[in-house]
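J.: Can you keep this structure in mind? I'll have questions shortly.
Each reported figure results from applying straightforward, stated rules to the coordinates on display, with no laboratory input. Small disclaimer: the values here were computed from a predicted structure and weren't measured. Every residue, glycine as well, gets a Cβ built from its backbone with ideal geometry; the counts of neighbours run over all protein chains shown.
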Amino acid sequence: KNQVEQSPQSLIILEGKNCTLQCNYTVSPFSNLRWYKQDTGRGPVSLTIMTFSENTKSNGRYTATLDADTKQSSLHITASQLSDSASYICVVSERSNYQLIWGAGTKLIIKP
Amino acid sequence: KAGVTQTPRYLIKTRGQQVTLSCSPISGHRSVSWYQQTPGQGLQFLFEYFSETQRNKGNFPGRFSGRQFSNSRSEMNVSTLELGDSALYLCASSLLRESGTDTQYFGPGTRLTVL
């Protein structure tokens with residue numbers, strides 16, 4: 001069964017610290033993996049999209065990695081800011097049915 | 001370039017009524033997808049329309065339906081509303097199919113409350 005699992009479910013860190021969010025998936029055949037940031041009550045915003053051949057992609061202070069062999073991805077946030085408080089969602093695209101498989105998200109809280 | 005717009009932004013209905021939500025994608029985008037998000041829950045996929053045809057459908061009852069017009073604007077309809085339909089309904093658009101590598105852009109959502 002195609003699944004995307006994210007950990008941790010929630011995370012609290014101090015402003016200025018770094019953190020890493022994890023995503024494991026069983027989706028096959030794989031097309032691409034993306035990370036979204038969703039502020040409370042708003043629509044998700046795309047951070048990165050990675051295909052099979054890409055293993056690192058950055059967007060400012062956000063760096064995503066992909067290991068297609070172990071079917072794992074991570075999102076690293078550097079020098080966190082209060083505005084980084086949000087849910088971060090990992091989504092994997094399944095190639096044969098053109099479907100997106102959504103993870104449940106990690107809720108990140110940045111404390112001053 | 002204007003973003004994805006959704007109307008109305010807020011809606012209050014009573015059980016048994018029906019509702020129609022509207023989504024205008026970014027100009028030139030051909031794919032429109034709809035999602036339901038309940039408090040504390042992840043996004044649940046409703047359906048995707050591409051070039052006026054429904055391409056994928058999630059696991060929702062037949063009370064949930066949608067359509068896409070020739071200008072790519074989309075509507076979704078929920079009939080016989082239930083309390084559990086209270087949620088944030090999000091629309092997303094992309095240039096081609098949502099599962100491709102094109103960036104998917106989300107609208108601000110319609111907050112539906114069923115009393």
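J.: Which lysines have a Cα less than 28 Å from the Cα of A:LYS17, not counting those fewer than 8 places away in the same chain?
T.: A:LYS17 reaches A:LYS37, A:LYS57, A:LYS71, A:LYS107, A:LYS111.
J.: Give me the distance between the Cα centres of segment B:72-94 and segment A:49-112, rounded to whole Å.
T.: When both Cα centres are located, 26 Å separates them.
J.: Distance from a point 7 Å along Cα→Cβ of A:ASN2 to each backbone N in segment A:33-60: keep the residues under 12 Å and list them by number.
T.: Output list for this probe position: A:33.
J.: If you don't mind, another one. Report the Stokes-Einstein translational diffusion coefficient (µm² s⁻¹, integer) for the protein assembly as shown, Rh taken as the Kirkwood radius over Cα pairs, at 37 °C with viscosity 0.692 mPa s.
T.: 182 µm²/s
J.: Treating only the Cβ of Lys, Arg, Asp and Glu as charged (+1, +1, -1, -1), what charge dipole size does chain B show about its Cα centre? Round to the nearest 20 debye.
T.: Values: 12 positive and 7 negative charges, 31 e Å.
Using only the charged Cβ atoms, the result is roughly 140 debye.
J.: Here's another thing I want to ask about it. Could you compute the net charge surrounding A:GLY43? Neighbours are other residues with a C-beta less than 15 Å from the C-beta of A:GLY43; K and R count +1, D and E count -1. Intermediate values should be presented prior to the final figure.
T.: Values: positive: A:ARG34, A:LYS37, A:ARG42, B:ARG9, B:ARG111; negative: A:ASP39, B:GLU98.
After counting each charged neighbour, the total is +3.
J.: Here's something else I'd like to know. Round to the nearest 0.05 the FRET efficiency obtained for A:ARG95 and A:SER74 when R0 = 25 Å and r is the Cβ-Cβ distance. Each step should come with its number before you reach the end.
T.: On the way: r = 22 Å, r/R0 = 0.88.
E(calc), rounded to 0.05, equals 0.70.
J.: Still on this model: Exactly which trypsin sites (Lys or Arg not before Pro) in segment A:10-112 are in a DSSP loop and have at most 13 other Cβ atoms within 10 Å? Before the final figure, lay out the partial values.
T.: On the way: sites: A:LYS17, A:ARG34, A:LYS37, A:ARG42, A:LYS57, A:ARG61, A:LYS71, A:ARG95, A:LYS107; in loops: A:LYS17, A:ARG42, A:ARG61, A:LYS71, A:ARG95.
When the trypsin sites (Lys or Arg not before Pro) of segment A:10-112 are filtered for loop state and at most 13 Cβ neighbours within 10 Å, A:LYS17, A:ARG61 remain.
J.: Report the local net charge at B:PHE69: Lys and Arg +1, Asp and Glu -1, summed over other residues whose C-beta lies under 13 Å from its C-beta. Walk me through the numbers on the way to the answer.
T.: Details: positive: B:ARG30, B:ARG67, B:ARG73; negative: B:GLU52, B:GLU75.
With Lys, Arg at +1 and Asp, Glu at -1, the neighbours total +1.
J.: Ok, one more. Using only the alpha carbons, work out the radius of gyration and Dmax of chain B in angstrom.
T.: 13.3, 40
J.: Right, here's the next one. Translational diffusion coefficient of chain A at 4 °C, 1.567 mPa s, Stokes-Einstein with Kirkwood Rh over Cα pairs, in µm²/s as a whole number.
T.: On the way: Rh = 14.0 Å.
It diffuses with D of about 93 µm²/s by this estimate.
J.: Right, another one. How big is the gap, in Å, between the Cα center of segment B:11-62 and the Cα center of segment A:1-34?
T.: Centre-to-centre (Cα) distance: 25 Å.
J.: Continuing with the same structure: What distance in nm separates the two pseudo spin-label positions at B:GLN41 and B:PHE60, each 7 Å out from Cα along the beta-carbon direction?
T.: For B:GLN41 paired with B:PHE60, the spin-label model returns 1.1 nm.
J.: Given springs between every Cα pair under 10 Å in a Gaussian network model of chain B, which of B:GLY62, B:GLY84, B:GLY28 has the largest fluctuation?
T.: Among B:GLY62, B:GLY84, B:GLY28, the largest GNM mean-square fluctuation belongs to B:GLY62.
J.: Now a separate question. Dipole size in debye (nearest 20) for chain A around its Cα centre, Lys and Arg Cβ +1, Asp and Glu Cβ -1?
T.: Values: 11 positive and 8 negative charges, 37 e Å.
With Lys and Arg at +1 and Asp and Glu at -1, about 180 debye.
J.: Apply 1/(1 + (r/R0)^6) to the Cβ-Cβ distance of A:ILE109 and B:ARG111, taking R0 = 30 Å, and write down the FRET efficiency to the nearest 0.05.
T.: Working: r = 23 Å, r/R0 = 0.76.
The pair A:ILE109/B:ARG111 has a calculated efficiency of 0.85.
J.: Can you pull out the GluC sites (Glu not before Pro) in segment B:27-96 whose DSSP state is coil and whose Cβ has at most 14 other Cβ atoms within 10 Å?
T.: Details: sites: B:GLU48, B:GLU52, B:GLU75, B:GLU82; in loops: B:GLU52, B:GLU82.
The qualifying sites are B:GLU52, B:GLU82.
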